[in-house]
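Below is one structure; the comments refer to it alone.
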Amino acid sequence: MVLVSYIHVLSAAFLMGLAAAAPMGPVNMLAIRRGVIGGWRHTLACGIGSITGDLILFSLTLLGGDYFLLDLPNPAIQTVLAALGAIVLLPLGIYFLVRAGKEPLRAYESARHHWDEGTVPGHLIAEVANAAALTIFNPVTIAYWICVTPNWLPFAHSVLGYSAPGLGILMAAAGLTTWFTALTVSVRFIPHRIDPNFFRLVNAILGLILLGFAAFCAIVLSRHFLH
């Protein structure tokens with residue numbers, strides 16, 4: 001049972017990172033566009049910047065959670081956090097599932113229209129900085145980490161103790177890296193596969209992951225109300 005709990009906690013952190021990286025928003029569109037124009041190294045640089053930005057937000061949220069670790073077992077606090085998580089994550093999950101079925105996908109069409117226009121930065125460090133800034137100051141990304149982290153941390157702390165934040169950051173980093181590695185490989189070897197169907201698949205998977213987190217929040221809520 002202990003091993004199963006470890007797997008649940010760590011896999012949840014991995015999926016948190018994967019779900020944070022996957023939305024077809026400004027950073028992913030930038031990474032794909034710059035990679036198509038300037039080469040796969042630009043996609044990789046954008047990925048490094050985005051991963052850095054997400055981990056900064058995740059770490060800041062965990063840092064705030066550390067101050068309340070003694071209070072997190074409080075049923076009232078867990079109920080509030082679970083309610084906030086469900087309120088934010090359920091609509092987001094539905095939104096991405098709806099986007100997965102739309103034709104055409106406006107984000108793809110707009111990006112594709114501009115892929116052959118303009119230039120890319122001469123230095124990869126500029127790509128890293130741009131992607132990090134886009135991630136850190138993206139309101140959706142900020143809201144995402146604020147909602148998922150407080151619902152993950154109490155469960156993780158009950159299983160992993162005070163090592164939960166460190167292991168959570170490592171697993172979230174693994175999830176983020178997995179996505180941007182796959183994106184870089186796609187841009188490098190199969191750029192012709194990056195089409196509306198690719199965007200639909202990503203949005204559908206992301207929607208299901210977010211609905212899964214929303215369902216977890218709903219289960220936590222139901223347990224508190226039943227007791």
### Message
Just to be sure I understand the model, the point goes 7 Å from the Cα along the line to the Cβ. What's the resulting Ser163 to Arg188 distance in nm?
### Response
3.3
## Note on the structure
Expressed in nanometres to one decimal, the distance between label points 7 Å along Cα→Cβ at Thr181 and Ser222 is 3.6
### Per-pair calculated FRET efficiency, R0 = 30 Å: Leu201 and His8 via Cβ, rounded to 0.05
0.70
### Spin-label proximity, Val80 to segment 134-158 - amide N less than 15 Å from point 7 Å beyond Cα toward beta carbon
147, 150-151
### Query
What is the distance in Å between the Cα centres of segment 7-42 and segment 190-220?
12
### Task
For segment 1-43, give the percent of accessible area contributed by carbon and sulfur heavy atoms, probe 1.4 Å, rounded to a whole number.
73
### Query
For segment 118-227, what ratio Rg/Rh do Cα atoms give with a Kirkwood hydrodynamic radius?
1.05
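The values are calculated or read from the model by the stated rules, or taken from the named source; none is laboratory data. All values derive from a computational prediction rather than experimental measurement. Using ideal geometry, Cβ is built from the backbone for each residue, glycine included, and neighbour counts are taken over all protein chains shown. Surface areas here come from the heavy atoms of the whole protein model, side chains and all, with no ligands, DNA or RNA. Shrake-Rupley method; radii C 1.70, N 1.55, O 1.52, S 1.80 Å.
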